[in-house]
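For reference, the structure discussed in these notes is given below.
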Amino acid sequence: MAENETYKLTDNETYREVAPEEFRQECARLFDNGRGRLRMMFAVDSRETGEGFNIYAVFSHPGKDLFEIVVLKDLEEKEGGITFPSITPKIPAAHWYERQIADMFGLLPEGHPDPAPLVLHGLYPPGVYPLRRDISHDQIRGLLDEDKEDLSSFMKVKGEGIYEIPVGPVHAGIIEPGHFRFSAVGETVYYLDARLFFTHKGVEKLFERMGFDEGVKLAERLSGVSSFAHSAAYCHAVERMAGVALPIRARAIRTFLLELERLYNHIGDIGNMCAGTGFAIGYAKGALLKERLMGLNERLTGSRYLRGVNAPGGVLADVLENPAETLRTIEGITGQYKSFIEFLTGATSHMERLDNAGLLSREIAMALGATGVAARASGLDDDIRTAHPHLYYGQLVFESHTRMKGDVFSRMMLRADEAACSLAILKSILHKAKGKRLEGDIALPAVEVPALGRALGYVEGPRGSIFYYVSSGRDGRPFRVKPRAASFCNWPLMPFAVHGNIVPDFPLINKSFNLSYSGSDA
Amino acid sequence: MLARILYNIIGRKQALPESELNAMAGEGDILMAAGLKPGGMGRIFRRSVRIRQVDAGSCNACEWECTALTNPVYDIQRFGIDFVASPRHADILLVTGPVSAAMANALRKTYLATPGPKLVIACGDCARDGGIYRGSYAVTDGVDKVVPVDAYIPGCPPAPARIAAGIMKIIEASSKIK
């Protein structure tokens, strides 16, 4: 248990309160002309404790394991509503966060270049802000007016030969709902306007009426194939708030399952890209390998989606119980994975379609705050596992992978590299468990959540960084829970990656990112 | 069908036999709605059923399990069941999710676009009654609050074997197979 001592909690979180006139300057300082990263931005309704509305902006700096949080206090009440100074003109990555804050809290970003509604689709009358704490679920429901649904504000591209292709929200495949407008010239996409948030389920407000333990279930259901990553980030936040350190075995198990989740996602995604090029055999092979991994998930945890394992204070299933047997399965999967990748990279007709499709430049990825595979395939080294190592990552030797080009090919090969890395991590943990070097409890007996606490939690999920901010009220119950899914950062990249490609390549480009609608819509 | 061709190329049969599929699915938890008439569909569904899957705000786990139905292990096409791209071509709407407020209209329109006779299956715990999202301002607490539902497949998410066995059981209950 000696390793616990180096695992200090909330040591890497600093809060700084600023007045509105300092807000822009302080954020710009932390953004450091693009060298810093905006991790998330959200509002809190603290009127009941006499603190009014607050806005939090979380920044980190590559090479430093530190989160610097700017807290904006004393928002100004002006004619037409409560406003805050928009940081989007300086920090483009803030653009969706600020629109989300405007929709959910009625706080208006002053100086935002495009302050259009984002989340609510005009389903509620003006003046209804769901995340304000003085309005209940039932009250908001009573005001719902489906006939007012407004999907009109699409970018219109005019010019000779330009036509519009509307798609969705009900798509042709078995995928999630969203509405896309392609403005195309012949076969070439000139502009893509995406309307999302069709799966918005009011999750943030639901968290507030659950207990911290119960909230794990909701975190697991934010995004199906990131169930474990979301619940791990949520539990991490609750544990940091409580100031507890996990036993080494619990940390190793969480790390193990995070990598298992990454592995089945990456392999599934590589297979799904074959569906994007119509390469049926590659797709079938990928689906088969993914199914084996889902079977392993079920055998180890009783859930194909690794649900019901995480809890504040540790894990509920001792996944490392039979390391030798699991190791044999992983060895078998490694062999199948290798031959799968060899088979795909040898299939010229498939690989040629990936080359140069869906290019995303490093500049765009950086400006819009891309995360995960989308960022790393465009040359941005952003990996929570190495930048902010926690759980068992600090004890493992591995490196985060990057590719420079930013096309579909880069994203596929990056996934392949990372899958190989995940397999190595899984084996390393199993060997340690076999050598009895991870002995101990799998969970703490109980986690006491303090009143008026707050903390950040984070993990590197299959799609990129996942952040949770949690705070407790005077009664020690959840006061504010803000999840930030990886896809929320990555969706705004799509119009840039699709621009100049042909319409039939859109499904392929989309699959190369594999973004979650539900996680982003929350 | 496609999967069958693929077996020959992959070189090995992977598909689970029907009996094993049923065993994996568990028993007695498919719920038929009172309105579902036994044999009401006559012989029309016999060995050729087309499904349109509609995500009405799910977390996406159910969709991945539906996608898994077409993989070489479950290979639902061998039973004459397949997923189609348009409600116009569908006999069954397989709806997942608690029906988010923003998807309610789209679901109604999809239902109207599906030619009769048709069945609606609510797949997953939140499609049944809102599940964990029940009571949220942004959901409608289940598919049957928006369109008529003929049967429910529970689970969060239901495993592919359960969805496959459930669909077949529902088809059997609503058709004269022999």
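Taking a sphere under 14 Å around the Cβ of A:Glu76 and counting the other residues whose Cβ falls inside, with K and R at +1 and D and E at -1, yields a net charge of -3.
How well do other chains shield peptide B:133-145, expressed as the mean number of their Cβ atoms within 10 Å of each residue Cβ? Provide the component values of the computation, followed by the final result.
Working: counts 6, 2, 7, 13, 19, 19, 7, 3, 1, 0, 0, 0, 0.
Whole-number average of other-chain Cβ neighbours for B:133-145 is 6.
Per residue of A:185-198, how many C-beta atoms from partner chains lie within 10 Å of its own C-beta, taken as a mean?
Numbers: counts 0, 0, 0, 0, 0, 0, 0, 0, 0, 0, 1, 1, 3, 9.
For peptide A:185-198, the averaged partner shielding equals 1.
Which whole number gives the average, over all residues in B:94-105, of C-beta atoms from other chains lying within 10 Å of the residue C-beta? Walk me through the intermediate numbers first.
On the way: counts 1, 0, 2, 6, 2, 1, 11, 14, 19, 6, 4, 6.
Average neighbour count from other chains, rounded to a whole number: 6.
Among A:Lys148, A:Lys482, which comes first, second and so on when ranked by fewest other beta-carbon atoms within 10 Å?
On the way: A:Lys148 11, A:Lys482 22.
Final ranking by Cβ density, sparse to dense: A:Lys148, A:Lys482.
The separation of region A:17-81 from region B:51-124, counted between C-alpha centres, amounts to 43 Å.
Dipole of region A:387-522 computed with +1 at Lys/Arg Cβ and -1 at Asp/Glu Cβ about the Cα centre; of A:Tyr392, A:Leu508, A:Met412, farthest Cα towards the positive end is A:Tyr392. Dipole magnitude for chain A: computed about the Cα centre from +1 point charges on Lys and Arg Cβ and -1 point charges on Asp and Glu Cβ, it is near 1200 debye.
A viscosity of 1.002 mPa s and a temperature of 20 °C, combined with the Kirkwood radius over C-alpha pairs in the Stokes-Einstein formula, give chain B a diffusion coefficient of 131 µm²/s.
What does the charge count around A:Gly282 come to, taking other residues whose C-beta lies under 13 Å from its C-beta (Lys +1, Arg +1, Asp -1, Glu -1)? Please list the in-between numbers first.
On the way: positive: A:Lys285, A:Lys290, A:Arg353, A:Lys511; negative: A:Asp269, A:Glu342.
Surrounding charge for A:Gly282 is +2.
With neighbours defined as other Cβ atoms within 10 Å of a residue's Cβ, the residues A:Asp138, A:Asp74, A:Asp505 order from fewest to most as A:Asp138, A:Asp74, A:Asp505.
Put a dot 7 Å past the Cα of A:Ser153, heading toward its Cβ, do the same for A:Arg47, and the two dots end up 2.3 nm apart.
How big is the charge dipole of chain B about its Cα centre, in debye rounded to the nearest 20, if each Lys and Arg gets +1 on its Cβ and each Asp and Glu gets -1 on its Cβ? Could you put the intermediate results ahead of the total?
Numbers: 21 positive and 16 negative charges, 159 e Å.
For this selection, approximately 760 debye.
Mind checking which aspartates and glutamates have their C-alpha under 15 Å from B:Lys37, skipping anything on the same chain fewer than 8 residues away? List returned: B:Asp150, B:Glu172.
Per-residue Cβ neighbour counts within 10 Å put A:Val408, A:Val189 in the sequence A:Val189, A:Val408, beginning with the fewest. For A:Lys201, the lysines whose Cα falls under 18 Å of its own Cα, not counting residues fewer than eight places away in the same chain, are A:Lys217, A:Lys482, B:Lys145.
Antiparallel beta bridges, as assigned by DSSP with both residues in region B:14-174, represent about 15 percent of the total such bridges.
Annotation: Cα Rg of region A:28-88 relative to the compact-globule expectation 2.2 N^0.38 Å equals 1.29.
Karplus-based coupling profile of region A:447-461, in residue order and whole Hz: 10, 8, 8, x, 6, 6, x, 7, 6, 9, x, 7, 8, 8, x, with θ = phi - 60° in 6.51 cos²θ - 1.76 cosθ + 1.60 and x standing for Gly or Pro. What is the local net charge at B:Gly142, summed over the other residues whose Cβ is closer than 15 Å to its Cβ (Lys, Arg +1; Asp, Glu -1)? Overall, the nearby charge balance is 0.
For region A:203-510, the Cβ-based charge dipole about the Cα centre amounts to some 340 debye (Lys, Arg positive; Asp, Glu negative; other atoms uncharged).
Two decimals is fine: what's Rg over Rh for region A:279-433, C-alpha atoms, Kirkwood radius as Rh? Present the calculation step by step, with values, prior to reporting the outcome.
Working: Rg = 17.4 Å, Rh = 17.5 Å.
With Rg and the Kirkwood Rh in hand, the quotient comes to 0.99.
Proximity of backbone amide H atoms, modeled 1.01 Å from N, is registered between A:Glu110 and A:Phe84, A:Ser86 at under 5 Å, excluding neighbours fewer than 5 places apart on the same chain. Cross-link partners for A:Lys78 among the aspartates and glutamates, with Cα-Cα distance under 14 Å and sequence neighbours closer than 8 places in the same chain left out: A:Glu110.
Every read-out reported here was derived from the displayed coordinates using simple, explicitly stated rules and does not represent laboratory data. Fair warning: this is a prediction, and the values are worked out from it, not measured in the lab. Here the Cβ is made from the backbone with ideal geometry for all residues, glycine too, and neighbour counts use every protein chain on show.
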